[in-house]
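Have a look at the structure below, then the notes.
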Amino acid sequence: MNDCIFCKIVRGELPSAKVYEDDDVLAFLDIGPIVKGHTLVIPKAHYDPLPAVPAAQLAKVMAVVQRIAQAQLNGLSADGVNIHQSNGAVAGQIVPHVHFHVIPRFANDGHSWNWRAGGYSQPEEMKALAEKLRAAL
Ligand code: 5GP
Ligand code: ZN
């Protein structure tokens, strides 16, 4: 993808603070970190959205996500880690090249997720949605 920001980073046409690189996967610091050390992990090949990534490639990406999380816990002495991944503008995705956010968390780091738990009016509504999803697998 010629005009994809992350493909340009992979090709070295844009600078990045690299954390990890192999033939298939690149990890680099997010330029606008939620918390300092916030790292993006991407397949080097351009895929979007998440379901488009071949399972073998995704497994390689996830192995690096796990290693980065461990490095944040060990190397940055993070107290916790969030993993975040968005698909589609409606989900808040800005860069349409599959990427995982690996975010180190510290007590009093100033960030909190605006996670509003909703609910279902009837148990039947849950059952129907679960069935719909099962049928789509
Ligand atoms: P999204 O909302 O698509 O999941 O997140 C895209 C992320 O990419 C954002 O957190 C943003 O800060 C980061 N980002 C956008 N452009 C660049 C860039 O040129 N370099 C780096 N390192 N990160 C970027
Ligand atoms: Zn790309």
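The values are calculated or read from the model by the stated rules, or taken from the named source; none is laboratory data. Since the structure is predicted, the reported quantities are computational estimates derived from the model, not experimental observations. Here the Cβ positions follow ideal geometry from the backbone for every residue, glycine too, while neighbour counts run over all protein chains shown.
Here V35 meets the list (1) out of contact with any strand residue (DSSP E or B) (no Cβ under 8 Å at 6 or more places or on another chain); (2) modelled with pLDDT of 95 or more; (3) assigned to a loop (DSSP other than H, G, I, E, B) almost entirely, failing just condition (1). No other residue among P96, P104 is within 16 Å of ligand 1 (Cβ to nearest atom), surrounded by 10 or more Cβ atoms within 10 Å (Cβ to Cβ) and either assigned to a loop (DSSP other than H, G, I, E, B) or more than 17 Å from the chain's Cα centre (by Cα) (or both) apart from P96. Among the residues making up the range 12-32, those that are of a type in the set (V, I, T) and not in a loop (DSSP other than H, G, I, E, B) are V19, V25.
Which of the residues belonging to the range 101-137 are in contact with a strand residue (DSSP E or B) (Cβ under 6 Å, 6 or more places away or on another chain) and of a type in the set (D, E, K, R)? Across the range 101-137, the qualifying residue is only R105. For P49, the test of being surrounded by 13 or more Cβ atoms within 10 Å (Cβ to Cβ) and within 24 Å of W115 (Cα to Cα) is passed. Within 14 Å of ligand 1 (Cβ to nearest atom) and farther than 12 Å from H99 by Cβ: does that describe K18? Spelling it out, K18 is indeed within 14 Å of ligand 1 (Cβ to nearest atom) and farther than 12 Å from H99 by Cβ. Return the residues of the range 15-43 that are surrounded by 19 or more Cβ atoms within 10 Å (Cβ to Cβ), out of contact with any Ser or Thr (no Cβ under 6 Å at 6 or more places or on another chain) and in contact (Cβ under 8 Å) with a residue 24 or more places away in the chain; say none if nothing qualifies. V25, G37, H38, T39, L40, V41, I42, P43, listed by residue number. Condition (residue is more than 12 Å from ligand 2 (Cβ to nearest atom) and part of a loop (DSSP other than H, G, I, E, B)) applied to the range 2-11: is it met by at least one residue? For the range 2-11, residues more than 12 Å from ligand 2 (Cβ to nearest atom) and part of a loop (DSSP other than H, G, I, E, B): absent. Please go through the range 21-57 and give me each residue that is away from ligand 1 (no atom under 13 Å from the Cβ) and within 15 Å of the chain's Cα centre (by Cα), ordered by number. Matches in the range 21-57: V25, P43, K44, H46, Y47, P51, A52, V53, Q57. Determine if the range 43-52 includes at least one residue that is away from ligand 2 (no atom under 15 Å from the Cβ), assigned to a helix (DSSP H, G or I) and at pLDDT 95 or above. Scanning the range 43-52, I find at least one residue that is away from ligand 2 (no atom under 15 Å from the Cβ), assigned to a helix (DSSP H, G or I) and at pLDDT 95 or above, so the answer is yes. V81 passes every criterion in (1) of a type outside the set (S, T, N, Q); (2) under 13 Å from the mean Cα position of the chain (by Cα); (3) assigned to a loop (DSSP other than H, G, I, E, B); (4) within 18 Å of G37 (Cα to Cα) apart from (3).
Of V90, V81, V102, V61, all but one fail to be under 24 Å from F6 (Cβ atoms) and touching a Phe, Trp or Tyr at 6+ places or on another chain (Cβ under 9 Å); the exception is V61.
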